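The values are calculated or read from the model by the stated rules, or taken from the named source; none is laboratory data. Computed from a prediction, not measured in an experiment: that's the story for all the values here. Backbone-built Cβ (ideal geometry, glycine too); neighbour counts: all protein chains shown.
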There are 2 protein chains.
Amino acid sequence: MPTSIDALKEKGRRLRIHSLKATTEAGSGHPSSCLSAADLVSVVFFREMRFDQRDPSNPGNDRFILSKGHAAPLLWAAYAEAGIIDEKEPLSLRRLDSVLEGHPTPRMPWVDVATGSLGQGLSAGLGNALAARLDDIPFNTYVLLGDGECAEGSVWEAAELASYYKIPNLFAIVDVNGLGQSQRTMDQFDVNRFAEKFRAFGWFAQTVDGHNYSEILDAFDRFRRDAGTLPRALVAKTFKGRGVSMLENREGWHGKPVPKQDLPAALAELAKPMGPDEFQPNPRTGFSLPRTLEPFDIKVERKRGETAATREAYGDALVKVAEKDSRIVALDGDTKNSTFSEKFLKAFPNRFFEMFIAEQNMVGVATGLSARGKIPFVSTFAAFFSRAYDQIRMAAVSRANVKFCGSHVGVSIGEDGPSQMGLEDLAMFRPIPGAVILYPSDAVSTERLVLEAVRYRGICYIRSTRPKTPVLYSNDEQFPIGGSKTLRKSVKDWATVVAAGITVHEALKASAKLESEGKPIRIIDAYSVKPIDREGILAAGRETAGRIVVVEDHYAEGGLGDAVLEAVGNQVKVVRLAVREIPQSGPPDALMEKYGISSEHIINAVREF
Amino acid sequence: MPTSIDALKEKGRRLRIHSLKATTEAGSGHPSSCLSAADLVSVVFFREMRFDQRDPSNPGNDRFILSKGHAAPLLWAAYAEAGIIDEKEPLSLRRLDSVLEGHPTPRMPWVDVATGSLGQGLSAGLGNALAARLDDIPFNTYVLLGDGECAEGSVWEAAELASYYKIPNLFAIVDVNGLGQSQRTMDQFDVNRFAEKFRAFGWFAQTVDGHNYSEILDAFDRFRRDAGTLPRALVAKTFKGRGVSMLENREGWHGKPVPKQDLPAALAELAKPMGPDEFQPNPRTGFSLPRTLEPFDIKVERKRGETAATREAYGDALVKVAEKDSRIVALDGDTKNSTFSEKFLKAFPNRFFEMFIAEQNMVGVATGLSARGKIPFVSTFAAFFSRAYDQIRMAAVSRANVKFCGSHVGVSIGEDGPSQMGLEDLAMFRPIPGAVILYPSDAVSTERLVLEAVRYRGICYIRSTRPKTPVLYSNDEQFPIGGSKTLRKSVKDWATVVAAGITVHEALKASAKLESEGKPIRIIDAYSVKPIDREGILAAGRETAGRIVVVEDHYAEGGLGDAVLEAVGNQVKVVRLAVREIPQSGPPDALMEKYGISSEHIINAVREF
């Protein structure tokens, strides 16, 4: 029995009251952005959605994502009115002791993905919707977007992919209040233009008056009747601050609460009940998801000295772990024949998502898939993860369990030139709290590290290399996160060379010559860039007369060099070899030489101690 | 007198031959992606464009941007056929001794902006076109896009803004060859769908057969006749590898040159001349741009002890430098009332561009403006520059002269929560070769550092702070790039505290208490994070018993702490205070305390030496 239209109106009124009170109490926040969307949220939460009030993780729940995250007080209000949190709890908004933050984060258990960096919610919603398809659970995902954030290209990346994959259980609800933070939006109240954009991107789009309940209800009915397999966009003309005359459709009120002295007058305008206060949640039950699996191992079968690109070993390993763990899915941005995620596609076509050349949406979708219990492995050229750094940052705020694999790192890719070289990827991932960074140098360590990535719950970045490299390790070697490997060692070592990936092989090349000069080196494969093996590297440095050379195919700042320096502090002298200018096209070996990270440079650095 | 259609066809044939030969000679590259666009490029270069063959920087030149940068051999071929480079020079493709790289970079003087990270060219083109309007020069900008890269949302960010600003001198030419790197594209050959997307975004769009010269010519004529003030999109159905049967419309040939042994057969298919080999460039002359100005100063008028937010001082300073230097323009992503770039808007409305909530396009446009001699100052919340990290990276490859100002950094913003806090911005900018990072702590240093940013040619990042801070410096104090300031000093100093921005004030708070305990501290304001004042900080560390505390409102990796460690090496003991987990909403002071960067934490760190 759906909620009556008068009860929905009453819920809308109550949502407004919560939003005003909470922001005035907090002394900051965005009440006017809440009020424009209150009627839309009322219909979605109290008529359309099916969920189990007691269980945010019920797999059958419909999902709601507040892409316009600054309207967080409205979301907290909806949870209060749905009986999920206490009706007083919204007043704790933005306090240090509250999980009801200024923008939604999963510290509040009903929030799947953090929002507040605009234009990301539709991607996360698409991730949810793809998970629904994978798990064959008929839940819907509703994403509330602001009109201003539709200027973000990531919205259109998500839109085109949702249409490509024919996802009817994804709803974009656009709150067109015409006002941005600092001025009127680009398209102002032109809801038809928004609808035309969605239609051009393959959606079933309708326009409504976002404060007219019958129109909104009719539109949802029409979606059910006519939208077929198309994703659904409801473009609603609204007014910012609707219902409170001092705010309604006025500029200069973005992000400002009603002052305490004006609150009674504002609330007085919302004093009159509009219908019965009634709501019965409508749960969808009977669905379950695979439990977390028992720990498993994989079988590695490489021959020492054979060559293989770590990027190719990544593809091999991905298939092996996916055979053991059905939660693993893979996404790639039209580079699958370079990153070798195509091996996964061949083995598990239904669990692979071609995301085309749209990295922001790829990462946003991965975050949404993670929220539904999947373990997404996302691959592209390392350089192109820079396209999605905001989404990666927000994946961390979302506490997502996403694995990234960046291929084609550094100048060792050669002739394609600087636009294709990942040279700042370590610097991007190192600051992310809790992120693990793994950088294999051969096929065995790659396979083992992919398994370690699965075992770790959180964000993990794997850096793979374009050229082939010889297998260095035996198949049963273990590569725990936070460890390192000592590849060459003697009591007479003159210095320690800390390398990773391709530079491990340069260090090995340097070793023989240095040994013949009476300056043998210890070689450490720092396959775990974060956390780094502080004790191991420090001990090696101390045992080799306090001398370390760090060599990396990455810019000088933010990568392995900084990680080693942080680890060893002032106890060891560290010389750093890294790329220090914008590189150019050329043969890989010539570039390694030109930019100072080849075996010759290692030899010279060791000699100079 | 325009080139005849037969002569254009002949140019198309010759462009194909160059592209095949160069890639086979190089042993890598993307010939099939060149061949699909050869006829389009022929018409654009040899019939539509007006340029001075001898002068790439002639302000009247029409501009061409190869957004699908992997077709670089086609671009080099066009320059050869235009008489700009020697006809043999394309054979040097991808060599270490050549400026003809695998993807275009400005090492080749006719390239304005580097491409190769897909989906960025239209933004740069829009920047060029906006510069044309500012300077009142009627040049056109032609951007050649691939169909695959139109999946990038940044394309649609540029599209909607070009329409908003009514830019008719911008042409998007979309080469719809239907084949991506690893499979068919999302929309395959559906040129109408592409055209509908452009139309929904406010463009005048036409579809053509991209190998039919009369159709292409007619379309350009119709643009002139009917497109009015709308930006113009030519959506062309083409075949990858067109003209060579072993390549044409076949999968598996992306990024692969024709093998040496097959080249003669491929060239044989292109053996027959199609018309006369004639071309007369059609220059547009008589335009000039303002020269580089003489060095200038600004007047700073602050009172010591007064409080002002550095973000607000940024706006004040921007107006002052813009009064002196007409090349300065400002861009903001609907945060101008928070970053205070609105002060610039009020003073110079014609030189301010509201870019709405689309940071990728904002940075891409800035790169295009820089290519036309402007000095763009780009501002938004620091956190949201992560949205445009790929464009920032490519701005560096483009040798662009762009200044970025990120406001609302760190946990000191308070209640808005982690999505709004810039905590990885220093880590983003530090690896960029040549980038300068400036982080003022008060209004005086802010104003001076904005001036330093103007004086520096290259990428510069200014980090501004949300809360107000007291003025620390006298108005005539100078803040050279690479310097630092010692705010407190005695011969008895127990330790050095290196701080920047908001943490300078925490260090000052800590100072009195530590002095009363007999542990006076030296305080260094490291306003130049990159390059850092190595000598100054090292000397301070040595003079204070080898003890340094670094404290920053940034994640622990990649920021000031790493910069100081790199500077002092193993000569000083460094203790680092920084944010080490995902923060939450709360009052600024409480967050500084909770996340370990408040004066109390500084005091404890100093005590523990």
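Structure summary
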| read-out | value |
| --- | --- |
| Test result for B:F45, farther than 24 Å from B:V155 by Cβ and surrounded by 22 or more Cβ atoms within 10 Å (Cβ to Cβ) | no |
| Residue check, A:A195 more than 10 Å from every other protein chain (Cβ to nearest Cβ) and part of a helix (DSSP H, G or I) | no |
| Conditions (1) within 13 Å of chain A (Cβ to nearest Cβ); (2) of a type outside the set (K, R); (3) on the phi < 0 side of the Ramachandran plot: number failed by B:G119 | (3) |
| Selection from segment B:62-82 of residues that are under 24 Å from the mean Cα position of the chain (by Cα) and surrounded by fewer than 24 Cβ atoms within 10 Å (Cβ to Cβ) | B:D62 |
| Close pairs (9 angstrom Cβ cut-off, 6 or more residues apart or separate chains): under 13 Å from B:I462 (Cβ atoms) in segment B:358-381, of a type in the set (A, V, I, L, M, F, W, C) and at pLDDT below 95 anywhere | none |
| Condition check for B:L170: farther than 11 Å from B:K237 by Cα, more than 9 Å from every other protein chain (Cβ to nearest Cβ) and either surrounded by fewer than 24 Cβ atoms within 10 Å (Cβ to Cβ) or of a type in the set (A, V, I, L, M) (or both) | yes |
| Checklist (1) more than 27 Å from A:I502 (Cβ to Cβ); (2) buried (at least 24 other Cβ atoms within 10 Å of the Cβ); (3) in contact with a Gly (Cβ under 7 Å, 6 or more places away or on another chain) applied to A:S370, failing item | (3) |
| Test: residue in segment B:427-440 that is more than 11 Å from every other protein chain (Cβ to nearest Cβ), over 24 Å from B:D589 (Cα atoms) and not in a helix (DSSP H, G or I) | yes |
| Which listed residue is within 12 Å of chain A (Cβ to nearest Cβ) and either modelled with pLDDT of 95 or more or over 19 Å from B:A266 (Cβ atoms) (or both), from B:S32, B:S92, B:S57 | B:S92 |
| Pick from segment A:309-343, criterion among the small types (G, A, S) and more than 19 Å from A:Y456 (Cβ to Cβ), ranking: farthest from the other protein chains (Cβ to nearest Cβ) | A:A309 |
| Strands (runs of 3 or more DSSP E) contained entirely in segment A:441-510, each with at least 1 residues that are aliphatic (A, V, I, L, M), within 23 Å of A:G315 (Cα to Cα) and over 27 Å from the mean Cα position of the chain (by Cα) | none |
| Failed condition for B:G410, given (1) within 13 Å of chain A (Cβ to nearest Cβ); (2) more than 29 Å from A:L423 (Cα to Cα) | (2) |
| Evaluation of A:G125 against (1) within 30 Å of B:Q584 (Cα to Cα); (2) in a loop (DSSP other than H, G, I, E, B); (3) touching a Ser or Thr at 6+ places or on another chain (Cβ under 6 Å) (one fails), failing number | (2) |
| Residue list for segment A:362-387, filter: among the hydrophobic types (A, V, I, L, M, F, W, C), closer than 23 Å to A:A159 by Cβ and more than 14 Å from chain B (Cβ to nearest Cβ) | A:A366, A:L369, A:A371, A:V378 |
| The lone exception for A:M186 - which of (1) part of a helix (DSSP H, G or I); (2) more than 20 Å from the chain's Cα centre (by Cα); (3) within 14 Å of another protein chain (Cβ to nearest Cβ); (4) over 16 Å from A:L234 (Cα atoms) it fails | (1) |
| Residue list for segment A:388-406, filter: facing chain B (nearest Cβ under 9 Å) and either β-branched (V, I, T) or over 12 Å from the mean Cα position of the chain (by Cα) (or both) | A:I392, A:V397 |
| Subset tally (residues that are under 32 Å from the mean Cα position of the chain (by Cα) and either assigned to a loop (DSSP other than H, G, I, E, B) or under 22 Å from B:L130 (Cα atoms) (or both)) for segment B:198-238 | 21 |
| Among the residues listed as A:K346, A:K260, A:K256, A:K299, the single one being surrounded by fewer than 16 Cβ atoms within 10 Å (Cβ to Cβ), within 14 Å of chain B (Cβ to nearest Cβ) and more than 30 Å from A:D136 (Cα to Cα) | A:K256 |
| Residue count for segment B:441-464, restricted to those that are within 14 Å of chain A (Cβ to nearest Cβ) and touching a Phe, Trp or Tyr at 6+ places or on another chain (Cβ under 7 Å) | 1 |
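Let's see how each residue does on (1) β-branched (V, I, T); (2) without any contact (Cβ under 8 Å) to a residue 60 or more places away in the chain; (3) farther than 27 Å from A:A266 by Cα:
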site	(1), (2), (3)
A:R50	no, no, yes
A:N61	no, no, yes
A:L66	no, no, no
A:L75	no, yes, no
A:A78	no, no, no
A:D112	no, no, yes
A:G127	no, no, yes
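Conditions tested, residue by residue: (1) on the phi < 0 side of the Ramachandran plot; (2) assigned to a helix (DSSP H, G or I); (3) buried (at least 23 other Cβ atoms within 10 Å of the Cβ).
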site: B:I137; (1), (2), (3): yes, no, no
site: B:L144; (1), (2), (3): yes, no, yes
site: B:C150; (1), (2), (3): yes, yes, yes
site: B:A159; (1), (2), (3): yes, yes, yes
site: B:V174; (1), (2), (3): yes, no, yes
site: B:Q181; (1), (2), (3): yes, no, no
